[in-house]
Amino acid sequence: MKLPLLSLLIFLPLATAALLWLLPARLTRHLVAAGMLLNLLLATWILFVFVPTGEPFQFVERAVWIAGLNVQYFVAVDGLSVLFLPATTLLFLGSLVASWNSIEENRRLHYSLLLMLQSATLGIFCALDTLLFFVFWEATLLPIYFLLGRWGATVDAGRVAARYFLIMLAGGIPLLLAFILLAASQPAPTFDLSLLLAADLPRSTQYAVFLLLLLGFGLKVPFVPLHTWLPQFALAAPGSLTALLVGLKIGAFGLVRFTIPLAPLAAQDLHWLLAGLGTLALLYGAVGMLAQSNLRVGLAYASICHVGLAVLGLSAFTAQAAQGAISLLLSFAVATGGAFILLEFLRQRIGSTDINSLGGAAKTMPLLASGFLICGLAGVGMPGTSSFPGEFMLIIATLHSHTGAGLAALFALSIAAGGFLSLYRKAFFGQVTRPEVAQAEDLRPREWLVLVALIAMVAGIGIYPGPWIEIVRPAAEAWAAGLGR
Amino acid sequence: MNTALTEIFWTQQSSLPLLLLVQLLPLCGAALVFALRQRSTAVLAGKCLALAELLLLVYVVGRIDPTLPALQLAERFAPLAWHVAVDGISLVFLLLAALLTLLMTLYGMSRSRISPGLLFSVLLLAEGGLVGMLLTLNLAWFAAFSALELWAVVFLLRHWAASRVETQALARFVQYQAFGWALFAAGCVVLGWGHAEAHAGRWSFDLFDLQQTLPVGKFQTAAFYLLFYGLAVRTPLFPLHGWLPNMAQHGLIAVAPALMVGVKVGIYGMLRFVLPLTPTAVAYWQPYVVGFAMAGIFFTAALAFQQSDLRRLLAFAVVSHTSLLVIGVFSLHESGIQGAVLLAANFGLAVTGMWFIVGFVFRRTGTTELHELSGLFERIPFLAIAFLGCGLAIVGMPGTPGFDAAHLVLEAAIDNFGALPTVAAALGNVAAAGFLLWAFQRAFLSQRQAGAVEVEHTQPMEYVVCGIALLALLVIGFFAEPWLHLTEAASQAIATRFVR
């Protein structure tokens, strides 16, 4: 009998969360760490067993969930999603380390919520029943709301949390409508993605589905002008939470997984919309970053910029573009996620990540400063870092399909790089003027370990990207073939 | 298509007249507790009786076959015009009524002016009224049981009212309810008279008899309006909701609103009587009713945002989400009706849970004014989480029954009214999430104000009450299948009358 590996992976965090309440409170953090490590091992194991050239969907598990509505518990991974599993588990582990000493009260609740969020996020990457996906998608809201509202970094974190919750709840409506519309378009209503992908929909239905899904996922991506929650969120949330939300681009993943393949005709008719939104986000993010004085908000704008590149590239609808987009998104999980985690270390030391209260931080915290530099450079797509292969493929694809937008992208990326380096210089170089900075202690061993892991991945994937890209390639080719190109 | 009602007698399904037991248990229980009211055993007896009623109903659910569209376990006793039967829909409401009564007996709050024994016996009497309304297939009996339940609520409110505003709220309540009841009774008379005209002066209020000779033309319209508005006051439906906010704010906390709006007998009455008895009028007036309901969702949600009192806020939340139920019922579509039934149960349980929590907060702080509450999360985290959990059930988050049910209603709404009204209805949910989160934010998550009362930690009884409500929501939410199965055939049976 085969083990239900994916279900184990998805529900292990929930089981850990339940266990927290049964064991003494002093064991909480260690138990969470053990659970997350086990999950990381499980995800790595899945990655090793996964055969890139094999069946499109592997580790399939199917069970009837709500027979009356024809909803299934249907999970599986393909080349597009399998790499997100280790990335997610790794990032959650990093997030745990980043919050190791900063959570004093209600620790059990805090970590239970974090584990709930992990379960839901893993579920998003694995679900192949649209309604099951939606359930996981909405299930992320509650833990995020609480983690931000209760353990936020600023006084108005509660307000920001409520705003985020409402915006995302409203964003769920178009998603749900699109899924209902898709289900109703079939002779027998179904939410099974593999059936929906095979179906030929009339063009008008495709338009409706495409636009609804674009709106729903666009809020999470985020597209400009739907992005206003993100800078606020980055400022109000502890870095350990922002790392998860910004690092794991579930919005863009939704575009790749659902929006484009489910409505291929509409997507190709409206390629200009996708490309335009991508370019707008690219330019806006890059320019917006120049105006920031807070490193966390700056990084949030950088992430708007980069996810814009992924969307722009996707609008070429080629295998190369899909491959590039997925590798770029994965690289962000490590690089941007890592950068936010390092900023959380910094915030715990200085109490702020505003450049005005930093200055010369590299003198007292050389390790932290160099780690942040590497993650940041990966974020701007420096050759030799993990982002470069993906970015390169995307730029090539874009220059072929939307030449003007591709040129604009190159321009925006150089602005973003400049913006990042300028912020970095002001924060980490120069004279130390603040006593907090002068007394700050560099990374502790536990934090140091996170840093080493991050750098190993950023540099390792950057220098030798072959195996990773090969995992994505067959799935990306199938993806492009499914669009009829 | 054959749309005639059918029924299966109890003798074919059971060796006992189960529904008679279901009806008599709370009524006899009320008498017993009333007799014991001076002794300490009264409280225990009340709790046991409430539990017994719930278990009995669970047994009844096991006895019926939900795949049949017929009404089942039917009992008739002609001299009293006694005619009862159940189907999947009424069982959902019955189970909810029994569960809520059990929770209320656990919660059991009273000011010193009414003894616990008396309170429990009135509670059981109210349950008897609710159960009677849900069992009977006779309009006159429905009205009579409705009067019994209203009397019980008024009795409780009268013993609670100590100040002038409280008395005023009570007076307003009585005026509204008496008016609504009178409208409903008038509707019954119109239908009964119609039957008498057609059958040589033989009056009947029985659903089965009335269904054979539906009134035509203006009479049907009149009957529809009288019954619908009578129930709309009770439900309450915008714009006839004026009694609820005052009663919620100044009346007996938790118990009174839970009795009035926890079990949506108004919605049940529409499904059981209004839709089958006045089908032409229902189909004709459908757009207007739905239009009003749409307006109601947003108008009352906007009012909820204006409230500074948690109890009033919840009252407006009830009116807002009840409008969504009416959209489901008046979609006249199988999944819309099924969704409305499940959603009604979900809302009833969730909002009652929230009312209990508000009651617990009031016991600690002596107020439900939002600006006087702060930082409660630190002291009573479990109650805070339960409050949010119930709130999310109202919003229809996945994992609560609200999700599956709202999904069904939206599906029906897309089919019937197109995309735009559906989006509007769905946005109503976001609005509800807005004010519920806003209230949660202020009362529970905000920084504790200087000089605020140090509240005590959660009590075991509070864990039990909120735990049961929360657990029921989560379990039904994740395992919705049995409930869909239970209500499917019955919803179909109602919707077949309106095949387009």
| message | Quick check on this structure: which one of B:Gly418, B:Gly396 is within 10 Å of chain A (Cβ to nearest Cβ) and not aliphatic (A, V, I, L, M)? | response | B:Gly396
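If I ask for residues that are at pLDDT below 85 and either buried (at least 18 other Cβ atoms within 10 Å of the Cβ) or in a helix (DSSP H, G or I) (or both), which ones from region B:212-234 would you list? Walk me through how you get there before you give the answer.
Restricting attention to region B:212-234, the residues satisfying the condition of being at pLDDT below 85 are B:212-217.
Scanning region B:212-234 gives B:Gln212, B:Leu214, B:Pro215, B:Gly217.
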| Only one of B:Pro401, B:Pro381 that is touching a Gly at 6+ places or on another chain (Cβ under 7 Å), within 14 Å of chain A (Cβ to nearest Cβ) and open to solvent by 10 Å² or more (accessible area, probe 1.4 Å) | B:Pro401
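What residue, of B:Ala443, B:Ala439, B:Ala406, B:Ala412, is away from chain A (no Cβ under 11 Å) and buried (at least 20 other Cβ atoms within 10 Å of the Cβ)? Walk me through how you get there before you give the answer.
Details: B:Ala439 fails: away from chain A (no Cβ under 11 Å); B:Ala406 fails: away from chain A (no Cβ under 11 Å); B:Ala412 fails: away from chain A (no Cβ under 11 Å).
None of the others qualify; the one that does is B:Ala443.
Inside region A:107-197, counting only helices (runs of 4 or more DSSP H) that do not spill past its ends, which hold 2 or more residues that are charged (D, E, K, R)? I'd like the intermediate steps shown before the answer.
Details: elements: A:107-126, A:130-139, A:141-151, A:157-184.
The qualifying helices (runs of 4 or more DSSP H) are A:107-126, A:157-184.
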| query | Just a yes or no: is a residue in region B:291-310 on the phi > 0 side of the Ramachandran plot, outside any helix (DSSP H, G or I) and buried (at least 19 other Cβ atoms within 10 Å of the Cβ)? | reply | no
| task | Return the only residue of A:Ala33, A:Ala17, A:Ala43 being surrounded by fewer than 20 Cβ atoms within 10 Å (Cβ to Cβ), assigned to a helix (DSSP H, G or I) and small (Gly, Ala, Ser). | result | A:Ala33
| field | Check on B:Leu18, at negative phi, surrounded by 16 or more Cβ atoms within 10 Å (Cβ to Cβ) and in contact (Cβ under 8 Å) with a residue 60 or more places away in the chain | value | no
| request: Can you confirm whether region A:191-207 contains a residue that is open to solvent by less than 40 Å² (accessible area, probe 1.4 Å), away from every other protein chain (no Cβ under 14 Å), farther than 20 Å from A:Tyr73 by Cα and touching a residue at least 24 places away in the same chain (Cβ under 8 Å)? | output: yes
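Sort through B:Thr367, B:Thr422 and tell me the only one that's out of contact with any Gly (no Cβ under 8 Å at 6 or more places or on another chain), polar (S, T, N, Q) and touching a residue at least 12 places away in the same chain (Cβ under 8 Å). Working first, answer last.
Numbers: B:Thr367 fails: touching a residue at least 12 places away in the same chain (Cβ under 8 Å).
None of the other options fit; the residue is B:Thr422.
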| request: Residue by residue through region A:303-357, note down the ones that are open to solvent by less than 10 Å² (accessible area, probe 1.4 Å) and either assigned to a loop (DSSP other than H, G, I, E, B) or among the acidic types (Asp, Glu) (or both). | output: A:Ser315, A:Ala316, A:Phe317, A:Glu344, A:Thr353
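Every residue in region B:52-108 that is polar (S, T, N, Q) and in a helix (DSSP H, G or I), please.
Taking region B:52-108 as the starting set, the residues that turn out to be polar (S, T, N, Q) are B:67, B:72, B:90, B:101, B:105.
Passing the criteria: B:Ser90, B:Thr101, B:Thr105.
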| task | Return yes when B:Gly428 is at positive phi, within 25 Å of the chain's Cα centre (by Cα), within 13 Å of chain A (Cβ to nearest Cβ) and of a type outside the set (Ser, Thr, Tyr) and no when it is not. | result | no
| A:Val75 is checked against (1) in contact (Cβ under 8 Å) with a residue 60 or more places away in the chain; (2) within 14 Å of chain B (Cβ to nearest Cβ); (3) of a type in the set (A, V, I, L, M, F, W, C) and fails just one. What number does that condition carry? | (2)
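Test A:Ala184 against the stated conditions and say whether it is within 12 Å of another protein chain (Cβ to nearest Cβ) and at pLDDT below 85. Give the derivation first.
Numbers: within 12 Å of another protein chain (Cβ to nearest Cβ): yes; at pLDDT below 85: yes.
The answer is yes for A:Ala184.
Here's the yes/no breakdown for (1) in contact (Cβ under 8 Å) with a residue 12 or more places away in the chain; (2) closer than 26 Å to A:Gln292 by Cα:
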site: A:Met393; (1), (2): yes, no
site: A:Leu399; (1), (2): no, no
site: A:Leu413; (1), (2): yes, yes
site: A:Ala416; (1), (2): yes, yes
site: A:Thr433; (1), (2): yes, yes
site: A:Gln439; (1), (2): yes, yes
| Residue identified as under 23 Å from A:Ala162 (Cα atoms) and either assigned to a helix (DSSP H, G or I) or within 14 Å of chain B (Cβ to nearest Cβ) (or both) among A:Leu219, A:Leu212, A:Leu274 | A:Leu219
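The values are calculated or read from the model by the stated rules, or taken from the named source; none is laboratory data. These numbers come from a predicted model, not from an experiment. With ideal geometry, Cβ positions are generated from the backbone for all residues, glycine too; neighbour counts draw on all protein chains shown. Areas reflect the complete protein model, heavy atoms only, side chains present, ligands, DNA and RNA absent. Shrake-Rupley method; radii C 1.70, N 1.55, O 1.52, S 1.80 Å.
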